[in-house]
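Asks: Okay, handing you the structure first.
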Amino acid sequence: MLPYKEFQAVVLAAGGGSRMTELTRSQYKCLLPIGNVPMLWYPLQLLERVGFKEAIVIISEYMERNVSLALSDLNLKIKTDIVAVKNAEDLGTADSIRLIHEKIHTDFLVISCDLITDVDICEILNLYRKHNASITALMLPVPKIPDDFVTPGPKNKQKPETDLIGICNETGRLIFLASASDFEDTIKISQTFLQKHPSFTMHSKLMDSHLYVINKWVLNFLVQNKNFTTLKGELLPYIVRKQFSKPSKQCTDDKNASVVQMNLKDDIYYFAVEKPLDELIRKMSAYNDHGTDLEDAYHGDIIRCYAHISNGKFGLRTNTIQMYHLANTKISEWWNNDNDGQSPVPIIAPTATIRSTQMQDCYVDNNVLIEEKTSLKHTHIGPNVTIESKTRISQSVLMESANVKQRCVIQNCILGSGCVIEEGSELKDCIVGYKHIVPSGSQYSRDVLTDANDLIVI
């Protein structure tokens, strides 16, 4: 596969879904259905929509066959180079990128498989191009949870992690990135920081979307520095901080110094070197990104990070049960508003057998059997599902080969692959695990119905 002329694209899809093990025991996270298409479809179509012809998809070695089969059924035009990585579940995102570095020949875009959004990637790429950035990141508003939204399963009082994201109001420079849990009461800002960026906003209601445009020199640095394991948690905050440092005297005096002789872990400026033409253009240009003085553009900074804030677009990361269910609940509304009502898949698959006359806002996949005298509303029904007569289902997700017997009532639930809901059962706000059998006449509310061993992560 030939490299993309200007940018290559990398999709991170090897994660095991440790925050949603109730679902990922039976299905790889990147193939969990959202709106009856695998989660992986969304970042790939986002890349395809802006003109990417190829993408590298990093997966775990055990996923290769399943992912290949899933992608072959999605009718995507973008070509995918599937790279299976050994023990990928135990690796961080930076580790995964490091392992495939020989496939990356240009500046590149990294996107997580769990990002569901309708942003225009061209805007992020153009911000990166405009400033010849080191890294440009997409920031999205933290998703608003509707007041009437209930996450299936037990009530969870755990609060989501809050990011503190500092962005210069004048330039869009990303000048601060950390987790709020790293600080007790106060954040100390250095005088150098304030002199360069006197006007900035510290955001606590933005989320890092895990979409980055990255300069090739950053990859070269990452390859030589194996102590970085994650992009968002370690590498990106490190490079953001390094914007306020200066090259060491050794690096300035001898740019041709041997890599072996230098302490690469301490001197990022061995890699962050402007191309002679870029440096000449910057110095000759009348452009200045700050109006407080007549110093060089960017204050002479070689390392430059930027943040693109996308407002008015939907976006979330489906890395928890709450976000996964919210995505399925809202995807029809989001997608129809953004794509003139055109669904990514047929609302009713041609091989589905439907005898019910009471269906509203449902997606039905291939080889589904829905008997008469059933009522279904706002529900996604996966392939090979059977729903018997006199059953009512609303606001739910039924994964592949789920079987719902007669006279059941299912409300706001996620039914895992191959599960069986026996006759006369009533489930509300529940998660049913892989191949779990719910006995006839059962009544459950806000429960996870599965074998205890399925929730143990070693």
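The values are calculated or read from the model by the stated rules, or taken from the named source; none is laboratory data. Owing to the predicted nature of the structure, the values given are computational and were not obtained by experimental measurement. As a convention, Cβ positions derive from the backbone with ideal geometry for all residues, glycine included, and neighbour counts pool all protein chains shown. Heavy atoms of the whole protein, side chains included, go into the accessibility calculation; ligands, DNA and RNA do not. Shrake-Rupley method; radii C 1.70, N 1.55, O 1.52, S 1.80 Å.
Asks: Within segment 17-26, can you find the residues that are open to solvent by 40 Å² or more (accessible area, probe 1.4 Å) and farther than 11 Å from ASN319 by Cβ?
Replies: Result: GLU22, ARG25.
Asks: Same structure again: Considering only segment 130-142, I want to know if a residue exists there that is assigned to a loop (DSSP other than H, G, I, E, B), touching a His at 6+ places or on another chain (Cβ under 8 Å) and within 28 Å of PHE221 (Cα to Cα).
Replies: No, every residue in segment 130-142 fails to be assigned to a loop (DSSP other than H, G, I, E, B), touching a His at 6+ places or on another chain (Cβ under 8 Å) and within 28 Å of PHE221 (Cα to Cα).
Asks: Among the residues of segment 373-417, write down those that are open to solvent by 40 Å² or more (accessible area, probe 1.4 Å) and farther than 21 Å from THR357 by Cα.
Replies: GLU400, SER401
Asks: Also, I was wondering about something else. Scan segment 33-45 and give yes if some residue there is out of contact with any helix residue (DSSP H, G or I) (no Cβ under 6 Å at 6 or more places or on another chain), in a helix (DSSP H, G or I) and surrounded by fewer than 22 Cβ atoms within 10 Å (Cβ to Cβ), otherwise no.
Replies: Yes, that holds for at least one residue.
Asks: Check MET284 against each of (1) touching a helix residue (DSSP H, G or I) at 6+ places or on another chain (Cβ under 9 Å); (2) open to solvent by 70 Å² or more (accessible area, probe 1.4 Å); (3) modelled with pLDDT under 70 and name the one condition it does not meet.
Replies: (1)
Asks: Any residue that is surrounded by 21 or more Cβ atoms within 10 Å (Cβ to Cβ), at negative phi and not polar (S, T, N, Q) - is there at least one of those in segment 73-87?
Replies: No, segment 73-87 contains no residue that is surrounded by 21 or more Cβ atoms within 10 Å (Cβ to Cβ), at negative phi and not polar (S, T, N, Q).
Asks: Okay, next question. Find all pairs meeting these conditions: Cβ atoms under 9 angstrom apart; at least six residues apart or on different chains; first residue within segment 154-176 and in contact (Cβ under 8 Å) with a residue 12 or more places away in the chain and β-branched (Val, Ile, Thr); second residue in a loop (DSSP other than H, G, I, E, B) and surrounded by 12 or more Cβ atoms within 10 Å (Cβ to Cβ).
Replies: THR162/VAL142; THR171/HIS197; THR171/ASP289; THR171/HIS290; ILE175/HIS197; ILE175/GLN243; ILE175/PHE244
Asks: Of all residues in segment 94-128 being in a helix (DSSP H, G or I) and open to solvent by 40 Å² or more (accessible area, probe 1.4 Å), which is farthest from ASN66 (Cα to Cα)?
Replies: So, considering only residues that are in a helix (DSSP H, G or I) and open to solvent by 40 Å² or more (accessible area, probe 1.4 Å), the one farthest from ASN66 (Cα to Cα) is ASN126.
Asks: When segment 418-435 is examined, which residues are found to be free of Cβ contacts under 8 Å to residues at least 40 places away in the same chain and open to solvent by less than 40 Å² (accessible area, probe 1.4 Å)?
Replies: CYS419, VAL420, ILE421, GLY424, SER425, LEU427, VAL432
Asks: Filter the strands (runs of 3 or more DSSP E) completely within segment 147-226 down to those with at least 1 residues that are open to solvent by less than 30 Å² (accessible area, probe 1.4 Å).
Replies: The strands (runs of 3 or more DSSP E) meeting that bar are 163-168, 174-179, 206-214.
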